[in-house]
Amino acid sequence: MHDDTWISPPPVPGPAAAEEGAYAGAAPVLAEVVRSGFAEGRHRGSLVLLGPDGEVERAWGDVTAQVFPRSSNKPFQAVAVLRAGARTDAGPLAGERLALAAASHSGERFHLDLVRKVLAETGLSEDDLRTPPDLPLDPEEREAYLAAGGRRDRVTMNCSGKHAAMLAACVANGWPQASYLAADHPLQRLVRQVVEETAGEEVRHVGVDGCGAPLMSLSLTALASGFRRLVLAAEGTPERRVADAMRAHPEYVAGTRRWDTWLMRGVPGALAKVGAEGVQAVALPDGRALAFKVDDGALRAVGPVLARGLALLGVRSPVLARIGAAPLQGGAERVGEIRATF
């Protein structure tokens with residue numbers, strides 16, 4: 001697939017700018033915080049770029065070390081849910097329902113309505129969710145929700161779509177519902193199998209994610225490779241169905257004011273998923289891919305690093321400016337920005 005929003009990668013400059021001033025053993029600087037012409041902070045991390053053949057084209061930092069991808073693992077979890085035969089009264093998970101299964105949703109009304117609908121179609125209710133009670137992820141939605149008298153709830157937690165899909169898989173298979181988040185639950189064992197198969201790497205650490213679900217570690221190279229396999233999978237496979245649903249319905253994966261949505265709308269065929277603690281993974285339709293981790297977990301650095309990484313992969317689209325914009329305010333004036341340094 002070719003589109004005028006992305007082209008073959010240009011020559012990639014060396015990582016000197018990112019590594020400048022790095023002390024021995026430190027990850028390179030991927031972004032700096034510049035206020036009034038003064039660099040007041042720096043964000044270190046690691047980044048890998050894969051070519052269309054799946055080989056590493058460039059890497060900054062240690063891209064073979066294990067990280068917790070956090071919500072960047074959600075597409076793999078959605079694949080496992082499909083392999084388990086998850087369905088509702090409306091049929092097998094597809095379209096917006098499947099996109100929501102891989103979502104870190106913003107808590108907008110259409111997100112919450114569909115989570116409740118999926119639960120109802122499965123014969124379940126919000127009480128069956130094991131997500132921790134939380135407020136909407138999007139700041140504007142959070143303010144409106146609180147102003148309307150809303151309180152922390154399980155359905156407003158950004159992972160509730162994933163949990164509803166996991167419960168649908170349990171219902172379809174007659175698996176225990178109350179323990180669906182246990183690491184030894186049949187569904188979670190299947191998730192681990194899918195993560196390892198899709199990423200092509202053994203999971204070395206299993207933790208607990210913020211939503212309570214088991215969290216599988218991967219290297220950044222394996223994470224990028226897994227996203228690449230999703231977009232290149234044969235049509236009709238669970239992997240491709242997840243990728244296609246996310247790309248067709250990105251608002252359900254993130255929200256109307258989120259860069260994953262902007263990217264998947266602005267660059268045809270791109271698959272993107274952010275994760276907490278400064279993780280991001282993207283694959284382009286020809287197999288180019290990237291993954292990175294901001295060491296200090298600052299999400300404010302993700303947009304600038306993502307936009308620069310995509311540019312180095314050959315993406316040419318106006319959406320990169322929107323994704324990469326991270327202005328700093330001084331009173332009512334813009335006085336600086338967070339910018340990529342590689």
With every protein chain kept in place and a 1.4 Å probe, the residues Phe38, Phe76, Phe68, Phe110 fall, from largest accessible area down, as Phe38, Phe68, Phe110, Phe76
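Can you pull the Kirkwood radius for region 156-235, inverse mean 1/r over Cα pairs, to one decimal in Å? Mind showing how you got there, number by number?
Numbers: mean 1/r = 0.0732 Å⁻¹.
Evaluated over region 156-235, this radius sits at 13.7 Å.
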Computed D for the chain, Stokes-Einstein, Kirkwood radius over alpha-carbon pairs, 4 °C, 1.567 mPa s, to the nearest µm² per second, is 64
Quick calc, Ala26 & Arg151: beta-carbon distance into FRET formula, R0 51 Å, rounding 0.05, result 0.75
Isolated cysteines for the chain, Cβ-Cβ cutoff 4.7 Å, are Cys170
For Tyr252, the accessible surface traced by a 1.4 Å probe with all protein chains present amounts, in square angstrom to the nearest 10, to 50
Kirkwood Rh for region 279-342 from C-alpha pairs, in Å, is 12.7
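If you take the beta carbon distance between Phe110 and Gln193 as r and set R0 to 30 Å, what does 1/(1 + (r/R0)^6) give as a FRET efficiency, to the nearest 0.05? Working shown, then result.
Working: r = 32 Å, r/R0 = 1.08.
Calculated transfer efficiency: 0.40.
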Eigenvalues of the alpha-carbon gyration tensor of region 95-184, times 5 and square-rooted, give semi-axes in Å, largest first, of 23, 13, 11
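When N is the residue count of region 215-275, what does its C-alpha Rg come to as a fraction of 2.2 N^0.38 Å? Each step should come with its number before you reach the end.
On the way: Rg = 11.8 Å, N = 61, 2.2 N^0.38 = 10.5 Å.
That ratio works out to 1.13.
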Sorted largest first, the Cα spans of region 123-274 on the principal axes come out in Å as 46, 41, 29
Heavy-atom accessible area of Glu337, protein chains in place, probe 1.4 angstrom, given in Å² to nearest 10, is 60
The size of the Cβ-based charge dipole (Lys, Arg +1; Asp, Glu -1) of the chain about the Cα centre, to the nearest 20 debye, is 200
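For region 74-193, with only Lys/Arg (+1) and Asp/Glu (-1) charged at the beta-carbon, what is the dipole magnitude about the Cα centre, in debye rounded to 20?
On the way: 15 positive and 15 negative charges, 97 e Å.
Roughly 460 debye for region 74-193.
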For the chain, the per residue accessible area (1.4 Å probe, Å²) is 40
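The values are calculated or read from the model by the stated rules, or taken from the named source; none is laboratory data. Here the structure is a predicted model, which is why all the values come from computation and not from measurement. Neighbour counts run over all protein chains shown; Cβ positions are idealised from the backbone, glycine included. When the accessible area is computed, the model is the full protein with side chains, heavy atoms only, and any ligands, DNA or RNA have been set aside. Shrake-Rupley method; radii C 1.70, N 1.55, O 1.52, S 1.80 Å.
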